[in-house]
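What follows is a single structure, written as structure tokens, with notes after it.
The values are calculated or read from the model by the stated rules, or taken from the named source; none is laboratory data. Owing to the predicted nature of the structure, the values given are computational and were not obtained by experimental measurement. Positions of Cβ are backbone-derived with ideal geometry, glycine not excepted, and every protein chain shown enters the neighbour counts.
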Amino acid sequence: MNRLMEFAVALAPVFAAWAVAASIASIRTARADLAQSAVRGLVAATACAVIAAAGLTRALIEGDLAVHYVAQASSVLMPVRYVPAALLSAPGGALLMLAALSGIVGLLVVRNASGPARRWATTVVAAAMLVSLLIVAAAATPFALRVARADGAGLSSDLQRGGAVLHGIALLLATVFATASFADTLSALATGGIDDSWSRRTRRWNALAWTSLLIGVVAGARWYAMNPVRGAWLESPVTALWLLPCFAGAWLIHLDAGVQDAKRVVTRLLLGAGAFIALMIAVAFTDGAFLRGVNQGEADVAGALIGIVPVIAIAGLIARLRRGAGVLRAIAGVRAQPKSRLGGWIAHAGFILLVCAAAGSRMSREHTVALRDAEIFRASDPFGHRWQFSSQGMSTLQRENYASLTVSLLARRDDVSMPMLSAEARSYGLASGKESGLPAFITGTLSSLFMETRLTITQPDGKRPTVRIAFVPLAPWVMVGAWLIVIGTLLPLAPARTETPA
């Protein structure tokens, strides 16, 4: 089976390279047979990438430690629910999945295009796949065989979080949808096909990409907030990079809601390309992976190669726009998009909630204390409520692939009993009995309408552990606001209801 997967990884970039070469040749010579051959090459490259990605996923699920990637990113004790995190934690798996999904979605773009536009779309999609596949085949092949041991190195404890899994999957989908939007846009621009049909298609791709990106950014922010090992959100430039396409996507949504005059369409073209570049550069800075552990390095040569492709593509797009006359004439065929007042109200309400939550987080109060059994700590939250926390001591528990040490506090607010507040320090283990990486600190939360109370263990030291108690005003509004924005963005894309005559 591993030999078959290695063969698929080796063949995929060959087929992708042929698709690029044949499609470019068909553009220059207008030969239909070369165009058909290029599409077949794209189908073959996609099939090879899908087969390899499916094989790697199966190896992770089954815990096949003879596969190098499984041995370095997983262990026999790792729960199946963290397989997506393991798959996206290193370039070998992340770029393979990116190429496979980009090929599947790209084929939809190619199918909806016709004539010369199909040749341009094939070129862009195949080129985007080629870079990822070359890096996987030449420098990050996940199927290298190794001597099987009793267990693998294990997944970083930092990544064994629900927020980390959602963060990685959402960013992967956002990059794939942005690639589709860019391929559709560049092919329409190169062939003078900026019309109403292109506007409807790219509007959907942009909305899907921006929605996925927003979910990924919010999940990442939550991941950081609940994970003291990660530090402050936006502290790392890599994290901040994901906000650039998010802001561009937000502006795209507002552009799509207005009258499609020449200025708006050209601006949308540039913003769409800019969002694609920002996503690809963000992937490049994370060394070709959508998830990285706390002890991983920054970008290297492989990451830099990923960023070169969109830079070259955007240069060609701008050069095409500067010729401009045909593009501006075609814009006359783009009709105004249907507006959804309800969608607009919902999206703006979500945005207001996010702004309020960001402002509320500036009013947070934190207290770091060491508590013995039955010791009491008193504090006031930003709203003036009086809190009393009574330590219930420490307890240990063995589960799945980790052992947890739990600190529980009995909380009272204004002399009213509240639910128990508990935090954990988890030590992830391997089958050999050794620990896998650093311990993970799981934050306990107690949420109300206007505030979230958080408890985190900072030092699990003997009979007097040190904990951090934080009062974060309006924190629950973040998730509510994000989902309102998503709903408001996607609502206008729902099929319009047509009335049938009586």
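For the stretch 111-124, indicate whether the set of residues that are in contact with a Lys or Arg (Cβ under 8 Å, 6 or more places away or on another chain), more than 18 Å from residue 42 (Cα to Cα) and either assigned to a helix (DSSP H, G or I) or in the same structural domain as residue 188 (by TED's automatic domain parsing) (or both) is non-empty.
Checking the stretch 111-124: not a single residue is in contact with a Lys or Arg (Cβ under 8 Å, 6 or more places away or on another chain), more than 18 Å from residue 42 (Cα to Cα) and either assigned to a helix (DSSP H, G or I) or in the same structural domain as residue 188 (by TED's automatic domain parsing) (or both).
Identify, please: which residue in the stretch 219-246 is of a type in the set (A, V, I, L, M) and either free of Cβ contacts under 8 Å to residues at least 24 places away in the same chain or over 13 Å from residue 164 (Cβ atoms) (or both) and is, among those, surrounded by the most Cβ atoms within 10 Å (Cβ to Cβ)?
241
Got at least one residue in the stretch 169-177 being more than 30 Å from residue 23 (Cα to Cα) and in contact with a helix residue (DSSP H, G or I) (Cβ under 9 Å, 6 or more places away or on another chain)?
For the stretch 169-177, residues more than 30 Å from residue 23 (Cα to Cα) and in contact with a helix residue (DSSP H, G or I) (Cβ under 9 Å, 6 or more places away or on another chain): present.
Might you let me know whether the stretch 150-169 holds any residue that is within 22 Å of residue 270 (Cβ to Cβ) and among the polar types (S, T, N, Q)?
no
Of the numbered conditions (1) in a helix (DSSP H, G or I); (2) touching an Asp or Glu at 6+ places or on another chain (Cβ under 7 Å); (3) outside the structural domain of residue 293 (by TED's automatic domain parsing), residue 136 satisfies every one except a single condition; which is it?
Residue 136 satisfies every listed condition except (2).
In the stretch 437-453, how many are in a strand (DSSP E or B), in contact (Cβ under 8 Å) with a residue 60 or more places away in the chain and either not assigned by TED's automatic domain parsing to the domain that holds residue 368 or not hydrophobic (A, V, I, L, M, F, W, C) (or both)?
Result for the stretch 437-453: 2.
Can you name every residue in the stretch 455-475 that is without any contact (Cβ under 8 Å) to a residue 60 or more places away in the chain and either in contact with a Cys (Cβ under 8 Å, 6 or more places away or on another chain) or buried (at least 19 other Cβ atoms within 10 Å of the Cβ) (or both)?
Within the stretch 455-475, 455, 457 qualify.
For residue 422, indicate whether it is under 28 Å from residue 154 (Cα atoms) and part of a strand (DSSP E or B).
yes
I'm trying to understand the selection: among the residues of the stretch 453-477, which are at pLDDT below 90 and over 18 Å from residue 404 (Cβ atoms)?
464
State all residues of the stretch 356-374 that are within 23 Å of residue 489 (Cβ to Cβ) and either surrounded by fewer than 13 Cβ atoms within 10 Å (Cβ to Cβ) or touching a Leu at 6+ places or on another chain (Cβ under 7 Å) (or both); if no residue qualifies, say none.
Passing the criteria: 356, 357, 359.
Which numbered condition trips up residue 392, out of (1) modelled with pLDDT of 70 or more; (2) loosely packed, with under 13 Cβ neighbours inside 10 Å?
(2)
Please verify whether residue 143 is among the aromatic types (Phe, Trp, Tyr) and not in a helix (DSSP H, G or I), treating the condition exactly as stated.
It is true that residue 143 is among the aromatic types (Phe, Trp, Tyr) and not in a helix (DSSP H, G or I).
Which pairs have Cβ atoms under 7 Å, sit 6 or more apart or on different chains, and link a residue in the stretch 204-216 that is assigned by TED's automatic domain parsing to the domain that holds residue 249 to one that is among the polar types (S, T, N, Q)?
Every condition considered, the pairs that remain are 205/181; 206/181; 207/489; 209/181; 210/489; 211/489.
Determine whether residue 132 is among the small types (Gly, Ala, Ser) and touching a residue at least 12 places away in the same chain (Cβ under 8 Å).
So residue 132 fits the description; yes.
Find the residue count for the stretch 7-39, including only residues that are of a type outside the set (Gly, Ala, Ser) and buried (at least 18 other Cβ atoms within 10 Å of the Cβ).
So the answer is 10.
Provide a single number: the residues in the stretch 94-116 that are surrounded by 17 or more Cβ atoms within 10 Å (Cβ to Cβ) and modelled with pLDDT of 90 or more.
Of the residues in the stretch 94-116, 15 are surrounded by 17 or more Cβ atoms within 10 Å (Cβ to Cβ) and modelled with pLDDT of 90 or more.
Would you please list the contacts, defined by Cβ atoms under 6 Å and residues six or more apart or on different chains, that run from a residue in the stretch 183-199 that is surrounded by fewer than 20 Cβ atoms within 10 Å (Cβ to Cβ) to a residue that is not in a helix (DSSP H, G or I)?
Within 6 Å, the pairs are 196/334; 196/335.
When you scan the stretch 281-303, do you find a residue that is within 18 Å of residue 177 (Cβ to Cβ), at pLDDT 70 or above, in contact with a Leu (Cβ under 7 Å, 6 or more places away or on another chain) and surrounded by fewer than 17 Cβ atoms within 10 Å (Cβ to Cβ), even just one?
no
Select the helices (runs of 4 or more DSSP H) contained entirely in the stretch 149-252, then report the ones holding at least 1 residues which are modelled with pLDDT of 85 or more and either out of contact with any Ser or Thr (no Cβ under 9 Å at 6 or more places or on another chain) or within 30 Å of residue 425 (Cα to Cα) (or both).
Hits in the stretch 149-252: 162-190, 196-225.
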